[in-house]
Amino acid sequence: MMFSYLPYAAAFAVPEGEPARIDAGLVGIALAVAPFVFVALGFISRNTIAARRVLQSMGLLLVIGLGVGLLSPALGAVAGFAVGGALSLNPPDAPDVFRIRLLGVVVTVLYVFMLLVVATPAGVFAGAIVPLILIGFADEYSCWRATRTSNPADAGS
């Protein structure tokens with residue numbers, strides 16, 4: 001994801017005192033590499049409907065990335081990659097996985113937004129790392145919660 005996200009974020013970086021401009025070459029590189037992120041997530045995680053999920057993830061990356069990207073291009077990329085990653089990654093056998101993943105996506109976007117406001121370089125760097133990590137945390141939480149609810153003897157402890 002970093003190989004797609006960082007060129008995209010760099011395309012919108014404007015040095016101090018220079019007029020705003022977008023580097024179309026970096027945007028092109030980022031958009032060319034983005035499908036490989038979802039292909040890797042879908043097929044390496046052995047998602048049974050990986051091809052469909054990869055196409056849906058690419059569509060959501062564009063729609064959500066452009067929509068949220070009006071606020072901040074880096075934040076739009078974070079939101080798009082987070083939603084696409086949550087969709088294309090093979091879900092574990094636990095109830096409410098997608099709901100908890102979407103909660104992780106919301107937390108990711110809010111966290112990166114806060115960092116972009118407070119410390120922009122930290123927000124840009126965190127945007128490249130945090131989305132897939134929080135999806136993993138959401139999956140771990142889903143599995144942990146499923147084991148806690150399936151074993152009533154542990155509920156009292």
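The values are calculated or read from the model by the stated rules, or taken from the named source; none is laboratory data. Given the structure is predicted, the values throughout are model-derived calculations rather than measurements. Virtual Cβ from ideal backbone geometry, glycine too; neighbours counted across all protein chains shown.
Some values worked out for this structure:
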item	result
Close pairs from region 62-79: first over 14 Å from VAL124 (Cα atoms), partner among the aliphatic types (A, V, I, L, M), Cβ under 7 Å, at least 6 apart	ILE64/ALA79; ILE64/VAL83; GLY65/ALA77; GLY65/ALA79; VAL68/LEU75; VAL68/ALA79
Subset of region 40-49 (residues that are in contact with a helix residue (DSSP H, G or I) (Cβ under 8 Å, 6 or more places away or on another chain) and without any contact (Cβ under 8 Å) to a residue 40 or more places away in the chain)	PHE43
Those residues of region 1-20 which are in a helix (DSSP H, G or I) and touching a residue at least 40 places away in the same chain (Cβ under 8 Å), in sequence order	MET2, SER4, TYR5, LEU6, TYR8, ALA9, ALA11
Residue among ALA94, ALA77, ALA82, ALA128 that alone is in contact with a Cys (Cβ under 8 Å, 6 or more places away or on another chain) and either at pLDDT 95 or above or surrounded by 13 or more Cβ atoms within 10 Å (Cβ to Cβ) (or both)	ALA94
Residue in region 112-125 that is farthest from PHE12 (Cα to Cα), counting only those that are modelled with pLDDT of 90 or more and not β-branched (Val, Ile, Thr)	MET114
Pair list, Cβ under 6 Å, 6 or more apart: region 102-120 residue free of Cβ contacts under 8 Å to residues at least 60 places away in the same chain, other residue in a helix (DSSP H, G or I) and surrounded by fewer than 14 Cβ atoms within 10 Å (Cβ to Cβ)	LEU115/ALA122
Residue in region 21-40 that is closer than 15 Å to GLY127 by Cβ, of a type outside the set (A, V, I, L, M, F, W, C), at pLDDT 90 or above and in a helix (DSSP H, G or I) present	no
Conditions (1) touching a Lys or Arg at 6+ places or on another chain (Cβ under 9 Å); (2) within 19 Å of GLU140 (Cβ to Cβ); number of the one not met by PHE38	(2)
